[in-house]
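Can you keep this structure in mind? I'll have questions shortly.
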Amino acid sequence: MFKDESTLFPEYVPPLLPHREKQLEHLMRIYRPLFSDKLVSVNSALVGQAGLGKTATSKLFGQKIEEMARQSGSKIIFEYMYCSTVRTLPAVLRQIIMKNWKKVPVMGITGNELIIELNDRLRRENTRLIIALDDAKLLGGEAIHGLIRSAEYFGYGNALVSTLIISRPEDWVAHLYPHLIEDVHSVIEFLRYTEQELQEILAYRASLSFYEGVLSRENCNMVAKIASETGNARHGIEILRHAGYLAEKSEDKKITPEMIRIAKNEVYPETSPEILRGLHRHELIAALSTATALKYEVAVPIHKAYEQYRIVCEEYQTSPRSTRNFRNYIRVLADIGLFNAVVKNLKRGRRTVITLTDIPASILEERARKLLEQGGKDNYD
């Protein structure tokens with residue numbers, strides 16, 4: 001039934017990106033000077049809501065520009081970094097150095113020393129580097145500004161590191177643009193997909209993943225209509241994948257409208273695997289415990305959520321962290337769209353109150369628990 005199930009996974013980058021050709025061409029044009037002008041670095045931003053193709057476009061751009069460099073005899077390295085997984089600039093630089101120069105010792109080296117080491121390696125090998133920073137808000141505009149401006153330290157003709165910043169509009173305006181106004185050469189917008197565009201995108205993905213006859217055009221358009229409520233292609237692709245699993249268990253091995261309806265209720269873009277897998281163990285426990293506390297409540301004060309967090313820590317035989325750390329976990333979870341955390345002025349003072357976004361508490365609880373049982377990320381703050 002599945003021709004290639006992996007083509008529906010979040011990590012998959014298709015060879016074609018319908019309705020993102022202009023953005024891809026724009027990127028190729030912006031970074032073209034890296035092939036001819038050794039004195040410049042290029043810094044641009046992809047801005048748009050989740051599920052609009054920013055990540056896929058950046059990764060396909062990386063593949064194409066590395067291939068173009070090979071064909072022209074130039075050396076360009078493209079590195080994609082998801083900032084929910086690597087939260088600081090030093091962590092980003094360490095990961096890049098460890099991947100490309102395995103013998104270089106980087107543990108314990110400070111941020112500035114890492115920049116110097118990276119630039120030295122690039123200069124010796126006559127190589128340019130493009131770093132794509134996805135969900136860049138978590139890294140911070142000031143840190144990215146420091147990385148871009150570090151070229152001035154190395155002197156004329158040594159601007160070897162370029163950046164591609166990926167962000168949601170609200171994060172770009174509030175947290176990144178004020179620091180990067182003089183650094184970014186171009187901002188490429190990603191607008192919501194229309195229903196017709198989603199029909200074409202989902203039909204293309206279905207042709208890669210399913211054998212002919214599994215998904216009718218009519219049923220594919222039904223998925224596109226559901227996804228058009230948010231304009232989010234990832235939402236539609238996830239529905240296709242879950243509907244495919246249901247069809248696999250059926251006698252006819254075909255996706256039906258009822259399977260699509262069931263899949264729709266199972267899929268929430270805000271809890272996509274790449275988001276939850278980027279959380280550390282205590283952040284996952286905080287997500288699980290807060291979701292549990294919200295199953296029968298519209299909102300919970302943060303101290304109530306913390307009480308539930310301590311209970312869940314005991315369940316998973318993990319030492320609970322302090323209330324201050326827990327507040328930081330909630331801030332991270334709010335930043336990635338799982339919760340809303342609002343400070344309210346009450347008679348007894350200011351209190352932080354937590355509510356869910358559009359995700360059912362039971363779904364978030366189930367997915368966080370599943371990841372914790374798989375091991376989660378390393379146990380650190």
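Return the only residue of I181, I131 being within 21 Å of V40 (Cα to Cα) and under 17 Å from the mean Cα position of the chain (by Cα).
Being within 21 Å of V40 (Cα to Cα) and under 17 Å from the mean Cα position of the chain (by Cα) holds for just one of I181, I131, which is I131.
What's the number of the only condition in (1) at pLDDT 95 or above; (2) not in a strand (DSSP E or B) that F35 fails to meet?
Result: F35 passes all but (1).
Tally the residues that are part of a loop (DSSP other than H, G, I, E, B) and either within 20 Å of the chain's Cα centre (by Cα) or among the small types (G, A, S) (or both), restricting the search to the range 184-208.
3
A further question on this structure: If you go through the range 144-178, how many residues are within 23 Å of the chain's Cα centre (by Cα) and not aliphatic (A, V, I, L, M)?
Here the count works out to 13.
If you don't mind, there's one more thing I want to ask. Among the residues of the range 53-98, which ones are in a loop (DSSP other than H, G, I, E, B) and hydroxyl-bearing (S, T, Y)?
The answer is S74, S84, T85, T88.
What about K75, is it within 18 Å of F154 (Cβ to Cβ), among the basic types (K, R) and either surrounded by fewer than 16 Cβ atoms within 10 Å (Cβ to Cβ) or in contact (Cβ under 8 Å) with a residue 12 or more places away in the chain (or both)?
yes
Yes/no per residue for (1) outside the structural domain of D135 (by TED's automatic domain parsing); (2) buried (at least 16 other Cβ atoms within 10 Å of the Cβ); (3) within 15 Å of E366 (Cα to Cα); (4) more than 20 Å from the chain's Cα centre (by Cα):
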site: Y296; (1), (2), (3), (4): yes, no, no, yes
site: Y306; (1), (2), (3), (4): yes, yes, no, yes
site: R321; (1), (2), (3), (4): yes, yes, no, yes
site: F326; (1), (2), (3), (4): yes, yes, no, yes
site: G337; (1), (2), (3), (4): yes, yes, no, no
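For V173, which of the numbered conditions (1) in a strand (DSSP E or B); (2) surrounded by fewer than 20 Cβ atoms within 10 Å (Cβ to Cβ) fails to hold?
(1)
Could you tell me which of the residues T292, T318 is more than 15 Å from Y329 (Cα to Cα), outside any helix (DSSP H, G or I), in contact with a helix residue (DSSP H, G or I) (Cβ under 8 Å, 6 or more places away or on another chain) and polar (S, T, N, Q)?
It is T318.
Scanning for something more than 30 Å from L93 (Cβ to Cβ) and not in a loop (DSSP other than H, G, I, E, B), does the range 153-162 turn up at least one residue?
No: the range 153-162 contains no residue that is more than 30 Å from L93 (Cβ to Cβ) and not in a loop (DSSP other than H, G, I, E, B).
Sticking with this structure for a sec: For the range 78-90: of the residues being more than 18 Å from K54 (Cβ to Cβ) and touching a residue at least 40 places away in the same chain (Cβ under 8 Å), which is surrounded by the most Cβ atoms within 10 Å (Cβ to Cβ)?
Here the residue is L89.
Among what's in the range 209-244 and is of a type in the set (D, E) and not in a helix (DSSP H, G or I), pick the residue that is farthest from the chain's Cα centre (by Cα).
The qualifying residue farthest from the chain's Cα centre (by Cα) is E212.
The values are calculated or read from the model by the stated rules, or taken from the named source; none is laboratory data. What you see is a predicted model; the values in this text were computed from it and never measured. Reconstructed Cβ throughout: ideal geometry from the backbone, glycine too, with neighbour counts over all protein chains shown.
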